[in-house]
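The values are calculated or read from the model by the stated rules, or taken from the named source; none is laboratory data. This one's a predicted model, so the numbers in the text were calculated from it and none came from an experiment. When we count neighbours, we look across all protein chains shown, and the Cβ atoms used for this are built from the backbone with ideal geometry, even at glycine.
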Amino acid sequence: MRSSPSSQSSFPDSSTLLLIAVSMVSFFVGTIFTAHMNMECATGGLRERDGGGALDHHYMDAKVEEMAQRRVRQIQAGQSEESKEKSSPLVKFPETTKSYAGGMARTSKTDFFELVDAGVPMDLPKDGDSDVLLLYSRKTALPNSYNDPTLITDGSSIPQLSTEDALQNCDYVNVILADNSRSRNQCTAIVPNYESYHIQKWMRIDENGLNSEKDLALVPRGYTAKGRESFHSPKEQMRKDNWDILKKYFETFEVATSVLKPLLEKVATPQKTVTVMVSNFGQSELLMNFVCAAKSRNLDISSIIVFATDSQTLELAEGLGLTAFYDEWNYGDIPSEAARAYGDKKFTAMMMAKVMCVQMVSSLGYNVLFQDVDIVWYKNPVPYFEEKHTKLQDFDMMFQDDGGHSTRYAPYSANSGFYYVRANAKTAHFFSALLGAGDLILETKSHQQALIALLSEHVSLFGLKVKVFSRDTDDFPGGYHFHQATGKYMRKFFGGEVHPYIFHMSWTMNKDNKLNFLQQLEEWYVEGECLNKTPAEIDPGGRYVSSCCLAAPHFECHYRDKPSKYPCYDSPPIDKGKKSFWKPGEFDEK
């Protein structure tokens, strides 16, 4: 029977409640954000992330979203302050775990990274991974406010604390970086035992990969759910090849460095930073483009030394006004042609050259900014790393985020084509060890993979402090930003909403693609007649800057499905079936 109006409930319906909840959240977030901004301004300006000079809006957006989501959950739980005061349903731990687990709390992920910067790129919080879970070994480690019932929020039995309060009685903290992709049935076991600083990985697998019917088995950390192994022990031939490389390198080290030393003294900044680049003649057009682009912006490139792997590149680099060094003792056998694809023999040979040059400069006591030739500068990045009054001074090594957060590159995803190294005992030992791991570089066809593997060990064993700038920051974009599906960053880039230091055309198959993509960005500054020419063919007088650098950058469409400064609607896609980067009419609306 239908109820009469007088007998119906006087409570609002669900849509009204939702509207009220959203309004409350909006008011709450607006109030907190305004207060936060006022507090920051009152204390000397906006908080800087990663030691940079500008507010990271991605980070601030994440904090605001995190507060909103937390408040929504509190409202949905419908917990009143009165009910909280009557009971404190904290997680109860048994006597059998009291030596290593006596309490549990949680804290904001963004706040945790702000106070405890693990150096890895922080994935911006999503619903379901915006809190860090803390386990306390005993009662004396618990926060002073641990039993405050008002800390129990949104229906949980785990108190929510600020990071500073949560860690106030912790003498040391073991940080575990856990998978947050939701793609695995993952469990984390904390075993009271003789302490280890490495995490063992166990999986239910067979010869084809993940199989939930099988027993758990110990696997290498690079093993994927599809049965692929990211790391293989180097074969005997790889070890012997590396021995031959090292034998020649160490035998010629003194004579090579005797030639190199005065060149480093010439280019080093007052803070003893040297910008190191490596090029063979096959990559010389990219080297020329870097120089021409920098000169078009009147940027200081006097700190650069080019390690040329052939005499033609040596002549070209010097003709461009750069200081160059040709290590004929070690680089004489490296092919002068460009690699045809990532990981081929020519590519791998250049990887070894990139390790040698940094190891050599580092061993001579200089800070190193290493960068690939497929980079353009918008601002000179050297002062960014040398600035004394930033948090970056705490780090020994700093890297651009590669962006590809795969098992192969975990946990740092460090891009080995743009990074800064401070000269000290820890970094000198690191590059000596990386040189010794040449057999792993030859086996994996990537010095990036070997470098990241060693980073993890040296951070753990020697306290090497490593910082990887998150791919969600604006300062150091690269191939990830260029190729990501949404194109969100590139639209801001073309709209002048972001002001990076560099652009690194990584994530690209070969030199030809790099050239095409740079032309679509309108970042190509080399005269077409200078391409694929020897120095003698370009200008016997060595005036390569005046002969080859364009007065204005060249734009050209190649692929409609890749970012371009102007629409390339009529060009073919490089990836089959992909749509145009610019949607019809979108560019006109800018």
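Quick notes on this structure:
- When HIS558 is tested against (1) in a loop (DSSP other than H, G, I, E, B); (2) in contact with a Ser or Thr (Cβ under 7 Å, 6 or more places away or on another chain); (3) surrounded by 20 or more Cβ atoms within 10 Å (Cβ to Cβ), just one condition goes unmet, and that condition is (3).
- Residues of the range 203-242 satisfying the condition of being of a type in the set (Val, Ile, Thr) and assigned to a strand (DSSP E or B): ILE205, VAL219
- Of the residues making up the range 155-179, those that are assigned to a loop (DSSP other than H, G, I, E, B), surrounded by 14 or more Cβ atoms within 10 Å (Cβ to Cβ) and not aliphatic (A, V, I, L, M) are SER156, PRO159, SER162, GLN168, ASN169, CYS170.
- In the range 512-519 there is at least one residue that is at pLDDT below 95 and out of contact with any Lys or Arg (no Cβ under 9 Å at 6 or more places or on another chain).
- The set of residues in the range 203-223 being under 18 Å from THR188 (Cα atoms) and either of a type in the set (D, E, K, R) or more than 27 Å from the chain's Cα centre (by Cα) (or both) consists of MET203, ARG204, ILE205, LEU210, SER212, ASP215, LEU216, ALA217, LEU218, ARG221.
- When the range 364-401 is limited to residues that are acidic (Asp, Glu) and modelled with pLDDT under 95, the one that is nearest to VAL306 (Cα to Cα) turns out to be GLU387.
- Verdict on ILE199 being out of contact with any Phe, Trp or Tyr (no Cβ under 9 Å at 6 or more places or on another chain), of a type in the set (A, V, I, L, M, F, W, C) and closer than 19 Å to TYR409 by Cβ: yes
- Inter-residue pairs, beta-carbon under 8 Å, first over 26 Å from TYR366 (Cα atoms) and in the range 282-310, second among the polar types (S, T, N, Q) and surrounded by fewer than 22 Cβ atoms within 10 Å (Cβ to Cβ), 6+ apart: GLY282/SER336; GLU285/ASN532
- Single unsatisfied condition, LEU167 versus (1) under 30 Å from ALA225 (Cβ atoms); (2) of a type in the set (A, V, I, L, M, F, W, C); (3) within 31 Å of the chain's Cα centre (by Cα): (1)
- Under the condition of being under 17 Å from LYS578 (Cβ atoms) and either buried (at least 21 other Cβ atoms within 10 Å of the Cβ) or under 18 Å from the mean Cα position of the chain (by Cα) (or both), the residues counted in the range 512-537 number 2.
- Flag: LEU263 matches the condition of being in contact with a strand residue (DSSP E or B) (Cβ under 7 Å, 6 or more places away or on another chain) and surrounded by fewer than 18 Cβ atoms within 10 Å (Cβ to Cβ).
- Restricting the first member to the range 314-337 and to residues that are closer than 21 Å to MET360 by Cα and modelled with pLDDT of 95 or more, and the second to residues that are charged (D, E, K, R) and assigned to a helix (DSSP H, G or I), the beta-carbon pairs closer than 8 Å and six or more apart or on different chains are THR323/LYS266; ALA324/GLU318.
- Verdict on LYS126 being in contact with a strand residue (DSSP E or B) (Cβ under 8 Å, 6 or more places away or on another chain) and not aromatic (Phe, Trp, Tyr): no
- Matching entry among THR269, THR224, THR188, THR257 (being modelled with pLDDT of 95 or more and over 20 Å from ILE334 (Cβ atoms)): THR269
- Close pairs (8 angstrom Cβ cut-off, 6 or more residues apart or separate chains): closer than 17 Å to GLY102 by Cβ in the range 138-153, at pLDDT 90 or above and of a type in the set (D, E, K, R) anywhere: ALA141/ASP171; PRO143/ASP165; ASN144/ASP165; SER145/ASP165
- Restricting attention to the range 483-511, the residues that are surrounded by 15 or more Cβ atoms within 10 Å (Cβ to Cβ), of a type in the set (A, V, I, L, M) and modelled with pLDDT under 95 add up to 0.
- For the range 479-504, a residue qualifies if it is in contact (Cβ under 8 Å) with a residue 12 or more places away in the chain and on the phi > 0 side of the Ramachandran plot, and exactly one does: GLY487.
- Within the range 414-446, considering residues that are under 26 Å from ILE199 (Cβ atoms) and touching a strand residue (DSSP E or B) at 6+ places or on another chain (Cβ under 6 Å), the one surrounded by the fewest Cβ atoms within 10 Å (Cβ to Cβ): THR427
- Screening the range 465-482 for residues that are among the charged types (D, E, K, R) and either closer than 28 Å to PHE430 by Cβ or in contact with a His (Cβ under 7 Å, 6 or more places away or on another chain) (or both) and picking the one that is surrounded by the fewest Cβ atoms within 10 Å (Cβ to Cβ) gives LYS465.
- Test result for LEU246, surrounded by fewer than 22 Cβ atoms within 10 Å (Cβ to Cβ), touching a strand residue (DSSP E or B) at 6+ places or on another chain (Cβ under 6 Å) and farther than 21 Å from VAL545 by Cα: no
- The residue that is modelled with the highest pLDDT, among those in the range 563-588 that are within 11 Å of ARG491 (Cβ to Cβ) and exposed (fewer than 13 other Cβ atoms within 10 Å of the Cβ), is LYS583.
- Leading residue by the ranking (surrounded by the fewest Cβ atoms within 10 Å (Cβ to Cβ)) among those in the range 280-298 that are assigned to a loop (DSSP other than H, G, I, E, B) and polar (S, T, N, Q): ASN298
- Yes/no for MET277 being part of a helix (DSSP H, G or I) and either at pLDDT 95 or above or polar (S, T, N, Q) (or both): no
- Just one of the numbered conditions (1) touching a Lys or Arg at 6+ places or on another chain (Cβ under 8 Å); (2) modelled with pLDDT under 95; (3) in a loop (DSSP other than H, G, I, E, B) is not true of LYS533: (1).
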